[in-house]
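Participant: Mind having a look at this structure? Questions to follow.
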Amino acid sequence: MKNFIIVSGNIGCGKSSLTDLLSKRLGWTPYYEVVENNPYLEDFYQDMKKWSFHLQIFFLSKRFIHHQEILKNPASVVQDRSIYEDVDIFARNLNEQGYMEDRDYANYRELFKVMTQFLAPPDLIVYLQASVPTLLQRISLRGREYEKTISEEYLNQLNVLYERWVEDFNICPILKVPADNLDFVKHPEHLKLIADKILDRLQGVEKVEFD
């Protein structure tokens with residue numbers, strides 16, 4: 001049976017790493033967020049007000065294409081971040097902070113609404129919960145030059161919106177993973193624990209939580 005899960009969470013929480021490790025452990029096909037070949041990302045961090053709408057439209061387009069490809073793929077899939085997050089977290093935050101105009105955000109939301117009507121939801125979202133100190137540490141370790149301007153305040157506001165999004169999201173189940181306490185990159189037993197919890201949840205076990 002095909003499974004389709006999405007790894008979600010704030011910048012630096014470990015989404016790409018977990019996507020990679022889960023795909024290898026479970027033998028599933030990985031789909032990664034477009035970062036390295038993103039034509040707007042560096043400009044965005046230099047001038048958020050100028051490039052926020054362009055960046056969000058780029059991500060929306062790529063996530064829509066990936067989601068369509070995933071639905072056509074007969075293999076089980078683990079995806080790095082979903083099409084569902086940006087509208088109520090990243091784009092909303094840019095709008096609330098004054099980096100995206102109301103008319104642009106309204107236009108973006110309308111486009112998102114139309115596009116997602118054509119998409120079947122995933123089976124599960126794996127949400128990596130991480131505190132701002134953990135996010136800052138991991139962002140620093142990966143050493144992307146354009147990410148050096150990301151502020152603690154920006155990450156904190158995204159965390160607030162993520163928690164709100166998780167509480168309101170009802171399209172598919174969400175499994176919360178405490179990423180501060182689980183280093184699935186360095187500790188194979190942590191990865192095994194997460195993988196086992198995911199498989200339990202996919203098999204219909206409702207009370208799947210981390211101690």
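Participant: Scan the chain and hand back the longest stretch that contains none of the GluC sites (Glu not before Pro) lying in DSSP loops with at most 16 other Cβ atoms within 10 Å.
Facilitator: It runs 102-205.
Participant: What FRET efficiency comes out for ASP102 versus ALA195 if R0 is 35 angstrom and r is the Cβ-Cβ distance? Round to the nearest 0.05.
Facilitator: Between ASP102 and ALA195 the formula returns 0.25.
Participant: Set the Förster distance to 22 Å, then compute FRET efficiency between ASP43 and VAL160 from the Cβ-Cβ distance, nearest 0.05.
Facilitator: Approximately 0.30, to the nearest 0.05.
Participant: Could you give the size of the charge dipole of region 4-202 about its Cα centre, using +1 on the Cβ of each K and R and -1 on the Cβ of each D and E, expressed in debye and rounded to the nearest 20?
Facilitator: Its charge dipole is roughly 500 debye.
Participant: With the radius of gyration and the Kirkwood radius both derived from the Cα set of the chain, what is their ratio Rg to Rh?
Facilitator: Reported Rg/Rh (Cα atoms, Kirkwood Rh): 0.94.
Participant: Determine how many Å³ per residue the convex hull of the Cα atoms of region 20-130 encloses.
Facilitator: 117
Participant: Between LEU193, LEU182, LEU60, where does the largest GNM mean-square fluctuation fall for the chain, given springs only between Cα atoms within less than 10 Å?
Facilitator: Highest fluctuation among the options: LEU193.
Participant: In terms of Cα to Cα distance under 25 Å, which lysines are near enough to LYS15, apart from those fewer than 8 places away along the same chain?
Facilitator: LYS2, LYS24, LYS62, LYS72, LYS113, LYS148, LYS176, LYS186, LYS192, LYS197, LYS207
Participant: Which value in Å does the Kirkwood hydrodynamic radius of region 1-68 take, with 1/r averaged over all unlike C-alpha pairs and then inverted?
Facilitator: 13.6
Participant: Here's something else I'd like to know. Could you compute the longest span of the chain free of chymotrypsin sites (Phe, Trp or Tyr not before Pro) located in DSSP loops and having at most 14 other Cβ atoms within 10 Å, not counting the site residues? Don't skip to the end; give the middle numbers.
Facilitator: On the way: sites that count: PHE118, PHE210.
Maximal segment without exposed cleavage sites: 1-117.
Participant: When the chain is treated as a GNM, springs tying every alpha-carbon pair under 10 Å, which of ILE150, ILE11, ILE89 comes out with the largest mean-square fluctuation?
Facilitator: Of ILE150, ILE11, ILE89, the most mobile in the Gaussian network model is ILE150.
Participant: Normalised by the residues of region 4-202, what does the relative contact order come to in percent, with Cα pairs under 8 Å and at least six apart?
Facilitator: Reported relative contact order: 32 percent.
Participant: So which trypsin sites (Lys or Arg not before Pro) in region 149-190 pass both tests, a DSSP loop state and at most 16 other Cβ atoms within 10 Å of the Cβ?
Facilitator: Answer by residue number: LYS186.
Participant: Taking Cα pairs under 8 Å and at least six residues apart, what relative contact order does region 86-211 come out at, in percent?
Facilitator: Over region 86-211, the number comes to 30 percent.
Participant: Compute the FRET efficiency between VAL205 and LYS113 as 1/(1 + (r/R0)^6), taking r as their Cβ-Cβ distance and R0 = 35 Å, and round to the nearest 0.05.
Facilitator: 0.60
Read-outs: derived from the displayed coordinates by stated rules, not from any lab. Because the structure is predicted, anything quoted here is derived from the model rather than measured. All Cβ positions, even for glycine, are placed from backbone atoms using ideal geometry, and neighbour counts span all protein chains on display.
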